[in-house]
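The values are calculated or read from the model by the stated rules, or taken from the named source; none is laboratory data. Since the structure is predicted, the reported quantities are computational estimates derived from the model, not experimental observations. Positions of Cβ are generated from backbone atoms using ideal geometry, with glycine treated the same way; all protein chains shown enter the neighbour counts. Note: areas computed on protein heavy atoms with side chains; ligands, DNA, RNA excluded. Shrake-Rupley method; radii C 1.70, N 1.55, O 1.52, S 1.80 Å.
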Amino acid sequence: MVSKIVHVDMDAFYASVEQRDDPSLRGRPVVVAWRGNRSVVCAASYEARRFGIHSAMPAIRAERLCPEAVFVPPDFTRYRAVSRAVREIFQRHTDLIEPLSLDEAYLDVTENKTGLPTATRVAITIRQQIQEELHLTASAGVAQNKFLAKIASDWRKPNGLFVIQPEDVQTFLPPLPVARIPGVGKVTENRLKEMGILTIADLRYGIRLYQLARGIDHNKVVPDRPTKSISAEDTFERDIPLSETEELIRRLAEKVWTASRKEGRVARTVVLKLKTSEFNVLTRSHTPSAPPESCDELTAIALLLRERIDLQPTQRFRLVGVGLSNFREAEGLQSPLFG
């Protein structure tokens, strides 16, 4: 049986939620970001994108590109609530859901729960329900695997639907530029261009890319994929010496600890990340004999890792992060993490 995969991608999600909830923002260039020299764009409405603004861009550059843009601070609590509502719509149709982020997910609808005759009809229904119930738009792609479905969902954005039928794969893929392959960024694209590889038809670069260039992708939709790591990081308003990082390390450790309590497995390794004013990234990690059993213990380990940064006292830092990784099953261990 040929698999039937739908990739659903909410359109300009954070910005669209803001425009939905505040009518005065509709039709205006909205940038979801804190103002400040260190802030980056979390999302941009399609009106803002016309000015060249995109996510991960420095907010100060976005402001220069579009002085009339409306800057709205992100409200992730609200975005997560809307994301859960979207997930509830997905669950009416299938239990095989693989979220990629708050605003996109793969759905395996090879067998759907509502008895709809085709995957295309499932995608149409999901988009209608999102529009009618949440007053937001979503784009969707339908294909025989995740790779093709993701390409398809981007084909008619925003608020579009595109279907790649199995018999059309070998004619649809070859003319596409290599940048259409998910995971091929600017660096890889430029390297391939230097080799004379411009389209998927030209592509003979690596086994994985070789397979994707032919529409072959055996990855299954994996619901509830196990967490590999939990982390939090923040950028300082100004570059500071290592000695002044303790307060933020404590706050980040508390945030990570709170998030880790929702996991059903134990994190064995504590990670500290620092970025210098020259943008060099330093990481230090420690795996104690027993997992951290409290926020205080996690914080203490993170602060001890800070002592392993052997740089001149004059060195300044722009970012710090704290994380937990190396998750394992509890295996009978009793820890406040599972209290």
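From the phi angles alone, apply the Karplus equation (6.51, -1.76, 1.60; θ = phi - 60°) to region 35-52 and give each ³J(HN,Hα) in whole Hz, x where the residue is Gly or Pro.
Here the 3J(HN,Hα) series is 6, x, 5, 9, 6, 10, 6, 7, 6, 9, 5, 5, 5, 6, 5, 5, 8, x Hz.
Given a Förster radius of 22 Å and the C-beta distance between Y46 and T77 as r, what FRET efficiency does 1/(1 + (r/R0)^6) yield to the nearest 0.05?
0.35
Give me the distance between the Cα centres of region 87-131 and region 161-189, rounded to whole Å.
22
Run lengths n ≥ 4 of DSSP H only: what is the helix-derived mean residue ellipticity at 222 nm for the chain, with -39500 (n - 2.57) per run over all residues, to the nearest 500?
-8500 deg cm²/dmol
Projected onto the charge dipole of the chain (+1 at Lys/Arg Cβ, -1 at Asp/Glu Cβ, origin at the Cα centre), which of T110, Q129, Y205 gives the Cα projection farthest towards the positive end?
Checked the options; the winner is Y205.
Would you tell me the accessible area of I164, worked out with a 1.4 angstrom probe on the heavy atoms of the protein chains, in Å² to the nearest 10?
10
Give the label of the value calculated from the structure for percent of Cα pairs over 33 Å apart, choosing from (i) 27; (ii) 43; (iii) 52.
It is the value labelled (ii).
Taking amide H atoms as placed 1.01 Å from N in the peptide plane, list the residues 5 or more away in sequence, or in a different chain, whose amide H sits under 5 Å from that of F236.
The answer is L319, V320.
Taking 0.36 nm per residue of sequence separation and subtracting the Cα-Cα distance, how much length would be gained by fully extending the chain between N280 and R26, in nm to one decimal?
Here the segment from N280 to R26 would lengthen by 87.4 nm.
For T199, what residues show an amide H to amide H distance below 5 Å, using hydrogens built from the backbone and excluding near sequence neighbours?
Amide H neighbours of T199: V178.
Can you tell me which of 283-292, 3-12 comes out highest on packing, and rank the rest after it, using the mean Cβ neighbours within 10 Å?
3-12, 283-292
By how many degrees, between 0 and 90 and to the nearest 10, does the Cα long axis of helix 119-129 differ from the longest principal axis of the chain?
So the helix axis and the longest Cα principal axis differ by about 60 degrees.
What FRET efficiency do you get for R121 and V187 if R0 is 35 Å and r is their Cβ-Cβ distance, rounded to the nearest 0.05?
0.30
For the residue pair Q91 and E247, what label-to-label distance in nm results when each label sits 7 Å from Cα along the Cα-to-beta-carbon direction?
So the two model labels end up 4.1 nm from each other.
So if I take the centroid of the Cα atoms in region 289-307 and the same for region 3-68, what is the distance between those two points in Å?
Here the answer is 37 Å between Cα centres.
Could you sort C66, C295 by accessible area so the largest value comes first, with the probe set to 1.4 Å?
Per-residue accessible area, sorted high to low, gives C295, C66.
Could you calculate the FRET efficiency of I309 with D239 from 1/(1 + (r/R0)^6), where r is the beta carbon distance between them and R0 is 22 Å, rounded to 0.05?
Plugging the Cβ-Cβ distance into 1/(1 + (r/R0)^6) gives 0.90.
Using the Karplus curve 6.51 cos²θ - 1.76 cosθ + 1.60 with θ = phi - 60°, what ³J(HN,Hα) values do you get for each residue of region 221-230, in whole Hz, with x for Gly and Pro?
Each residue of region 221-230 in turn: 5, 10, x, 6, 4, x, 5, 9, 7, 10 Hz.
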